[in-house]
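Structure record follows, encoded as structure tokens.
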Amino acid sequence: MTEDPRPTGGPDALQPSAEVSIAAGGHSVSAMSRVGRSLLAAARMETFLIVLLAFVVWWGVKLSPYFLTWSNFGFSIQAVIEISIMSLAMTPIIITGEIDLSVESMVGLSSCVLGWLWASGVPLEVCIPIVLAVGVLGGLFNGFFVVRWGLPSLVVTLATYALFRGLGHVVLGSTVVTDFPASFTNFGFGYVPGTNVPWTLFVFLFLAVVTVAIVHGTWIGRQVFAVGKNKEAARYSGVRVGALKMALFAVSGLVAALAGILLTSRTSAATPDAGLNFTLAVVTIVVLGGVDINGGKGTVPGVILAVLILGTLKSALTEAGISTDYQNVAIGLLLIISVVTPQLARLVRELVDRTRLGRRRPAHDPAPGEVVR
Amino acid sequence: MSEGKPMTAIEGATVKLAPPPVALVGVSKRFGATQALADVSLDLLPGEIHGLVGENGAGKSTVVKVLAGIHQPDAGTIVLDGKPVLIHGPAHARSLGIATVHQEPRLFPDLTVAENVFMGHAPTGRFGSVNWREMRRSAHVFFDSLSVSLDPTAVVRGLSMADQQLIEIAKALSIDARVLILDEPTASLSAHEVDRLFAIVRQTRDRGVAVLFVSHRLEEVFQLCGRATVLRDGRHVVTAPTSELTAADLVRYMVGRSVSLFPRSASKIGDVLLDVKGLTRVGAFRDITFSVRAGEIVGLAGLVGAGRTEVARVLFGIDRADAGEVLLEGKRVRFKTPSEALRAGVAYVPEDRHLDGLVAGFSIAENVSLPIIPRLFPHLFIRGSRERNLAAGYTERLRIRSTGVGELIEALSGGNQQKVVIAKWLATEPRVLILDEPTRGVDIGAKVEVHRIISDLAASGLGIVLISSELPEVLAMSDRIMVLHEGRITAEIPRAEASEERVMFAATGQNAEETHSGA
């Protein structure tokens with residue numbers, strides 16, 4: 001899905017037409033093999049995810065006859081809407097080889113800022129842009145230390161993970177703001193009239209389409225992959241690595257703040273504890289979706305599939321009467337499995353290659369000392 | 001794997017008295033797509049210096065690393081005193097009596113000479129504490145026996161490269177090594193230091209140690225070695241006594257055919273494109289002044305570490321200069337990032353194509369378009385056809401062999417990869433092209449092609465700066481040669497007056513009186 005499958009293009013302005021015609025024969029073949037190869041690679045990971053999804057749904061149906069109904073579908077999506085959109089923003093960050101652990105605390109901070117502003121009498125249409133701006137600032141703060149000071153994002157965002165949550169407590173204290181107007185809270189848990197489609201689903205769909213387009217369709221996405229695969233080569237090629245990362249962290253902060261607003265709306269409560277443990281779920285989704293935690297590899301459609309898996313899994317676990325604490329155990333296990341599986345696959349492949357190589361070698365090579373050519 | 005033949009002697013030249021202390025039998029090693037070694041056999045005899053020669057990428061370093069325990073062979077065996085062994089790691093190799101001196105000394109800079117020599121096997125007193133007095137004394141005795149005057153209590157930091165190399169050798173001999181491997185030990189030494197090193201290596205040989213001497217300087221091999229082995233493309237080509245070989249033979253074995261010289265067509269020299277005045281970066285280079293005209297190839301020669309790459313990095317905006325100025329077509333420029341340099345028309349083909357030049361996992365097309373992709377698609381969205389056509393134009397022009405521009409870069413041979421790097425920078429349509437070791441690690445055929453490309457580019461009016469450690473390359477390609485030694489320009493030699501000797505003298509700082517005379 002990362003590749004443009006069109007095998008040939010129209011006449012091109014950049015090259016003399018003679019060269020284009022010479023090249024045409026060669027590159028249609030290559031385009032085929034390219035698309036074939038990436039489809040194959042994608043198929044392997046995404047087939048695995050679809051099988052996993054089917055398994056979770058099957059389990060859910062066994063637990064409850066109502067599992068596979070529209071109302072439950074709407075409910076399932078709504079329950080994971082915040083971590084879903086945060087996963088989309090996290091995907092390009094992890095592809096560049098960085099990580100943002102502070103997102104869940106930004107959810108808490110934005111919820112607190114929203115509650116505090118609202119309680120101070122600021123109208124909502126003013127509150128929301130301010131909260132989103134706080135998210136961007138938080139993201140830039142992360143980016144500043146990662147880009148300008150060259151600190152590892154793991155450490156920087158672990159620090160802001162504590163910092164943002166702490167700021168939330170400072171802003172709101174121990175109070176919980178709950179007196180939001182119905183027009184605001186309806187968006188969070190309301191449905192499109194006459195259907196079982198929650199409003200928030202549109203937010204996710206919109207952001208999913210935008211993310212797929214940017215990551216897989218534009219040169220910005222190409223630069224994201226280039227940085228993740230070889231940062232130095234990208235820098236030598238004129239990619240502004242610092243600016244790119246800065247922007248990704250800012251977007252991550254912005255989306256986390258949006259998630260904070262959605263969560264506040266859905267639960268009708270602004271609290272410093274909003275979004276606890278979200279980071280675990282977000283990183284799990286991204287890695288389960290096939291994004292290499294070391295950067296350079298991954299697809300957004302894979303991440304979207306992983307969102308569906310986690311959503312249905314949580315729903316099934318709830319159906320089975322398993323509490324949130326134990327659900328976190330399941331998510332943690334899922335994260336480990338999704339990190340280990342590709343490593344295990346690589347190990348097996350290497351072992352197979354090596355035994356095959358060992359068998360093949362003697363037949364191919366000339367006797368020792370033979371003068372070649 | 002066990003062919004039964006422990007070694008290969010050419011025309012029965014070797015009389016076998018005892019099993020060789022160490023031998024490679026049919027050793028193969030592969031790194032990804034590259035077959036670094038294919039069925040290489042080699043034996044080292046006590047009291048003999050064995051030369052190992054080959055072009056860059058022929059597999060010399062891999063042989064060294066296999067013997068040193070850094071790499072384990074995929075196939076074949078290492079035979080030690082007639083018995084096959086598995087060398088698990090560098091420490092295991094040392095305990096087996098195989099000592100290796102790598103090209104770059106790997107010492108602890110903040111410890112003393114004696115501490116470095118006895119690292120890991122210091123003489124101990126009672127209760128296992130280090131007996132410092134004994135350590136210094138034995139280091140002294142040791143250096144005396146080699147007739148070297150080195151203070152065992154001196155700290156290593158600040159010692160010359162040559163001294164550090166001697167410490168490495170002393171370290172090797174202090175473990176009673178029976179096999180000593182020297183990996184291009186003369187690469188950064190002056191002529192006098194080389195003589196001293198050779199004397200010590202000969203003494204070591206006379207003690208009955210088997211020495212493997214890796215070098216690409218043929219005259220050194222003839223001076224020092226009893227036998228020589230030539231590798232080419234990871235394969236064993238020949239092993240013979242040096243008395244039965246001539247330099248021309250060795251070169252022929254190394255390249256596999258008689259060398260044709262690089263094509264360099266004359267180009268019309270135009271206006272000054274790049275003007276560098278008094279450029280200085282503290283700790284790297286000082287007062288560098290030169291200019292490059294349109295259609296001109298200016299060679300930057302010098303030994304490893306002379307500051308050539310450092311100059312290039314400043315010109316390309318990776319590092320910042322402390323003093324001096326750079327004029328591009330008469331306008332003063334001060335690049336803060338490579339992207340600024342690219343936009344101004346300066347491109348840099350980096351020394352290490354794997355680290356800095358290419359993105360593994362990207363196709364040829366994706367690599368070629370990377371520097372210009374924002375310019376190519378101003379509306380953000382990539383059009384695959386346009387990208388592929390761009391790349392196809394360059395693969396055609398540079399004759400890059402592949403199954404198509406969608407092929408992954410790591411599937412290509414070294415030479416073709418290098419051409420993709422060049423294609424990538426040509427796509428930026430530069431005015432000034434800086435090439436840093438453009439033919440390193442590529443086979444001879446690709447080398448000639450790269451030279452043809454460079455020559456054509458100059459003819460089309462580009463200003464080219466060519467950095468190369470291979471003297472014949474610099475001599476054949478350059479219109480003028482600037483020689484650097486320890487961060488300073490020690491000579492500027494026009495094409496007509498250039499000779500290997502003259503460049504080498506300047507590169508080793510031996511004729512400081514011959515200063516350059518401004519462009």
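Counting just the residues of region A:183-197 that are among the β-branched types (Val, Ile, Thr) and assigned to a loop (DSSP other than H, G, I, E, B), which one comes out surrounded by the most Cβ atoms within 10 Å (Cβ to Cβ)?
At the first step, the residues of region A:183-197 found to be among the β-branched types (Val, Ile, Thr) are A:185, A:192, A:195, A:197.
Applying the additional criterion that residues be assigned to a loop (DSSP other than H, G, I, E, B) yields A:192, A:195, A:197.
Values: A:VAL192: 12, A:THR195: 9, A:VAL197: 16.
If we take residues in region A:183-197 being among the β-branched types (Val, Ile, Thr) and assigned to a loop (DSSP other than H, G, I, E, B), then A:VAL197 is surrounded by the most Cβ atoms within 10 Å (Cβ to Cβ).
Condition first: assigned to a helix (DSSP H, G or I), surrounded by 24 or more Cβ atoms within 10 Å (Cβ to Cβ), of a type in the set (S, T, N, Q) and over 17 Å from the mean Cα position of the chain (by Cα). Can you find one or more residues in region A:144-164 that meet it? For region A:144-164, residues assigned to a helix (DSSP H, G or I), surrounded by 24 or more Cβ atoms within 10 Å (Cβ to Cβ), of a type in the set (S, T, N, Q) and over 17 Å from the mean Cα position of the chain (by Cα): present.
Selection of region A:97-134 for residues being of a type in the set (Asp, Glu) and touching a residue at least 12 places away in the same chain (Cβ under 8 Å) yields A:GLU98, A:ASP100, A:GLU104. In the set (1) within 14 Å of another protein chain (Cβ to nearest Cβ); (2) assigned to a loop (DSSP other than H, G, I, E, B); (3) at pLDDT 70 or above, B:PRO6 fails one condition alone, (3). Screening the candidates A:GLY194, A:GLY190, A:GLY228 for the property of being of a type outside the set (Lys, Arg) and touching a residue at least 24 places away in the same chain (Cβ under 8 Å) yields one hit, A:GLY228.
What do you reckon, is A:VAL212 within 30 Å of A:THR69 (Cβ to Cβ) and within 14 Å of chain B (Cβ to nearest Cβ)? Yes.
Filter region A:167-182 down to the residues that are open to solvent by 30 Å² or more (accessible area, probe 1.4 Å), in a helix (DSSP H, G or I) and in contact (Cβ under 8 Å) with a residue 24 or more places away in the chain and list them by number. Across region A:167-182, the qualifying residues are A:LEU167, A:HIS169, A:VAL171. Please specify each residue of region B:64-111 satisfying the condition of being surrounded by fewer than 16 Cβ atoms within 10 Å (Cβ to Cβ) and among the polar types (S, T, N, Q). Result: B:GLN72, B:SER95. Inside region A:215-241, residues that are within 11 Å of chain B (Cβ to nearest Cβ) and either over 30 Å from B:VAL346 (Cα atoms) or among the hydrophobic types (A, V, I, L, M, F, W, C) (or both) make up a count of 9. Restricting attention to region A:180-217, the residues that are under 16 Å from A:ILE77 (Cα atoms), more than 14 Å from the chain's Cα centre (by Cα) and aliphatic (A, V, I, L, M) total 4. If we scan region B:377-384, do we find a residue that is free of Cβ contacts under 8 Å to residues at least 12 places away in the same chain, of a type in the set (A, V, I, L, M) and open to solvent by 20 Å² or more (accessible area, probe 1.4 Å)? Yes. Look at region A:288-309: where a residue is of a type in the set (Ser, Thr, Tyr) and a partner is open to solvent by 10 Å² or more (accessible area, probe 1.4 Å), sitting 6+ places away or on another chain with Cβ atoms under 7 Å, you get A:THR299/A:MET1; A:THR299/A:THR2; A:THR299/A:ALA42; A:THR299/A:GLY290. I'd like the full set of residues that are open to solvent by less than 10 Å² (accessible area, probe 1.4 Å) and aromatic (Phe, Trp, Tyr), limited to region B:387-443. B:TRP425, the sole residue that qualifies.
Restricting the search to region B:349-364, which residues are within 18 Å of B:VAL311 (Cβ to Cβ) and more than 7 Å from every other protein chain (Cβ to nearest Cβ)? Matches in region B:349-364: B:VAL349, B:GLU351, B:ASP352. Being assigned to a helix (DSSP H, G or I) and either open to solvent by 10 Å² or more (accessible area, probe 1.4 Å) or under 30 Å from B:THR428 (Cα atoms) (or both) holds for only one residue in A:VAL251, A:VAL239, and it is A:VAL251. All conditions in (1) loosely packed, with under 14 Cβ neighbours inside 10 Å; (2) in a strand (DSSP E or B) hold for B:ILE181, with the sole exception of (1).
Can you name the residue in region B:43-55 that is open to solvent by less than 10 Å² (accessible area, probe 1.4 Å) and out of contact with any Phe, Trp or Tyr (no Cβ under 6 Å at 6 or more places or on another chain) and is also modelled with the lowest pLDDT among such residues? First the steps, then the outcome.
Here is the first cut: in region B:43-55, the residues open to solvent by less than 10 Å² (accessible area, probe 1.4 Å) are B:43-44, B:49-54.
Checking the rest, the ones that are also out of contact with any Phe, Trp or Tyr (no Cβ under 6 Å at 6 or more places or on another chain) come to B:43-44, B:50, B:52-54.
Values: B:ASP43: 89, B:LEU44: 90, B:HIS50: 94, B:LEU52: 92, B:VAL53: 86, B:GLY54: 79.
Here the answer is B:GLY54.
The values are calculated or read from the model by the stated rules, or taken from the named source; none is laboratory data. Everything quoted here is computed from the prediction, not taken from an experiment. For neighbour counting, all protein chains shown are included, and Cβ atoms are generated from backbone atoms with ideal geometry for every residue, glycine included. Keep in mind that these areas ignore ligands, DNA and RNA; they rest on the heavy atoms of the full protein, side chains included. Shrake-Rupley method; radii C 1.70, N 1.55, O 1.52, S 1.80 Å.
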